[in-house]
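Have a look at the structure below, then the notes.
The values are calculated or read from the model by the stated rules, or taken from the named source; none is laboratory data. Everything quoted here is computed from the prediction, not taken from an experiment. We place every Cβ from the backbone using ideal geometry, glycine too, and count neighbours over all the protein chains shown.
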Amino acid sequence: MHKQKRMLDSSEHDVDEDGSYLGQTIAEIIRRDSRHELATTLLCEQTPLAQVFGYNTDDEHLLNFMPKLRRLYTWIMAGDNPPVEPVFDGWANRPGYKLTRLGRQALDACNYYASQEEDGRNWQEAYSHHRFHPIVAVMLRAVMRWGLTITRWSNPEHAMLDGGRDAEAVEKLRQLVAFVRRTCRSQAFQNLLHDHERKAEDNFRSGCDYLSALFERHSRLLILRIDLYFRPDAKGWGYSKAADRAVSNYLRGLRMCRIVPGYRGFLIKRENGISRGMHYHLMVVLDGHMHRSAYYLTRVMGEAWIKRVGADKGSYFNCYANRNRYCYNGLGLVHVSDTEKLLGLRIALWYMSKQDSELKVDEAKVKNFWRGLMPGEADRRGATRKGGDGMPLVRRLLGGARSKYPLGFEPPKGSVSPRRRQPSCARINRMSQGSGQAVPTLSAHAE
């Protein structure tokens, strides 16, 4: 399939914002980190001048398709409303059916799937070796099974006449909705969904507790994020035992400070993309009192990865290279009192703990998310921090159940004109600190 190349578009994957400074900041964090998620699905080529991305990949189109599938799932499971309702077409003098709002959502998802089929994508074969989120898996199966017939309903504004040549689309639409409701209301599916979400919750909680423990020992941490890839020509090698050993040896080199100095910890997530293949999202924590050069040290880590696996096999994405786009996502120096960067760390962990696409494996104990060892009490060194240890803010922003934002920081739904100026980091910090330890609270919740 023909691949084109481009740099990341700053307008993609927008999210709801609210008009307050804190609400805008949280929304901006999510937007910027979702751009990083998009970057990880594109084919990244490391060149001497820049990091160039190939697009029009299966991974990118799946990322675009998943929100449609989840939105359709929400509509279907919201009740027992039908996707079509009977009408009488006076012009044709015949009964027929028109789409309900649920039916329009289903047709939209099926049309997207059909457009991918027309582009020559055999998704059923490509995804046969992958395990998706249970909701995505059910919805993808339903759309693959009935979607092409449903797209015969070419104009959602027109009624489908009863007994007409394309009336089969009505029956297939009903079957799709009935299948999703029957499957997703079963106890087996509910158990699978609970186990999947519990695993994501455990990973998120483990990562937040780990970073909190590091902040207890170091008031300032240097956060580096890098994505480790295998080149397209070495995609098959990325699934080998030799590749697994290369990753293990790389992490061992980090722990022994052979790659970058001042190591304090790491978190890593393994993902399997259709076009991207096996790759790793790595967050490395260094002592922020000793080091500040985030871009340089991240590049050193990337070059060390290429050196270990070979220039013909390895590639990487330096997340700090787009530092202007990642102003609020927890990169670089993070202090215990730095509200927006702590929020960025939480959202980064939310993305890292997701389990949208995994490789089907025979071994039941394969890990896709792990971290370094929790620092022990013997590691506590240094004088007592002046003005308190700052940990109440850290525990609040990194505490609670898995979510993009902590309790009390949920931005209300709404929209903000792009011309409105973005909040400054200093102003957000003043809002979070106030005259004492109070943190502003926003009431409504937005997904």
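Quick rundown of the values:
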{"item": "Among residues of the range 221-262, those that are within 26 Å of Gly344 (Cβ to Cβ) and in contact (Cβ under 8 Å) with a residue 24 or more places away in the chain, counted", "result": "17"}
{"item": "Among residues of the range 193-203, those that are closer than 25 Å to Trp146 by Cβ and surrounded by 16 or more Cβ atoms within 10 Å (Cβ to Cβ), counted", "result": "1"}
{"item": "First in the range 135-161 and free of Cβ contacts under 8 Å to residues at least 60 places away in the same chain and closer than 17 Å to Ser186 by Cβ, second anywhere and surrounded by fewer than 21 Cβ atoms within 10 Å (Cβ to Cβ) and of a type in the set (Lys, Arg), Cβ under 9 Å, 6 or more apart", "result": "Ala137/Arg131"}
{"item": "Per-region count, the range 203-230, residues of a type in the set (Ser, Thr, Tyr) and part of a helix (DSSP H, G or I)", "result": "3"}
{"item": "The range 356-414, subset modelled with pLDDT under 65 and of a type in the set (S, T, N, Q), residue farthest from Tyr239 (Cα to Cα)", "result": "Thr384"}
{"item": "Contacts under 6 angstrom Cβ, first residue in the range 104-132 being over 30 Å from Ala159 (Cα atoms) and among the aliphatic types (A, V, I, L, M), partner at pLDDT below 80 and assigned to a helix (DSSP H, G or I), 6 or more apart", "result": "Ala126/Asp58"}
{"item": "Residue match in the range 154-165 (condition: in a helix (DSSP H, G or I) and either crowded, with 19+ Cβ neighbours inside 10 Å or assigned by TED's automatic domain parsing to the domain that holds Leu297 (or both))", "result": "no"}
{"item": "Which numbered condition Val300 misses (of (1) out of contact with any Phe, Trp or Tyr (no Cβ under 8 Å at 6 or more places or on another chain); (2) under 14 Å from Tyr229 (Cβ atoms); (3) not in a strand (DSSP E or B))", "result": "(2)"}
{"item": "Among the candidates Lys235, Lys241, Lys269, residue that is in the same structural domain as Arg402 (by TED's automatic domain parsing), among the basic types (Lys, Arg) and crowded, with 22+ Cβ neighbours inside 10 Å", "result": "Lys269"}
{"item": "So Gly277, is it closer than 20 Å to Met352 by Cβ and either in the same structural domain as Leu228 (by TED's automatic domain parsing) or buried (at least 18 other Cβ atoms within 10 Å of the Cβ) (or both)", "result": "yes"}
{"item": "Of all residues in the range 197-211 being modelled with pLDDT of 95 or more and among the small types (Gly, Ala, Ser), the one that is farthest from His335 (Cα to Cα)", "result": "Ser206"}
{"item": "Qualifying residue in the range 189-202 (condition: in a loop (DSSP other than H, G, I, E, B) and out of contact with any helix residue (DSSP H, G or I) (no Cβ under 7 Å at 6 or more places or on another chain))", "result": "no"}
{"item": "Residue that is farthest from Gly390 (Cα to Cα), among those in the range 316-340 that are touching a Phe, Trp or Tyr at 6+ places or on another chain (Cβ under 8 Å), at pLDDT below 90 and among the hydroxyl-bearing types (Ser, Thr, Tyr)", "result": "Tyr320"}
{"item": "Within the range 126-142, tally of residues that are over 17 Å from the mean Cα position of the chain (by Cα) and modelled with pLDDT of 90 or more", "result": "5"}
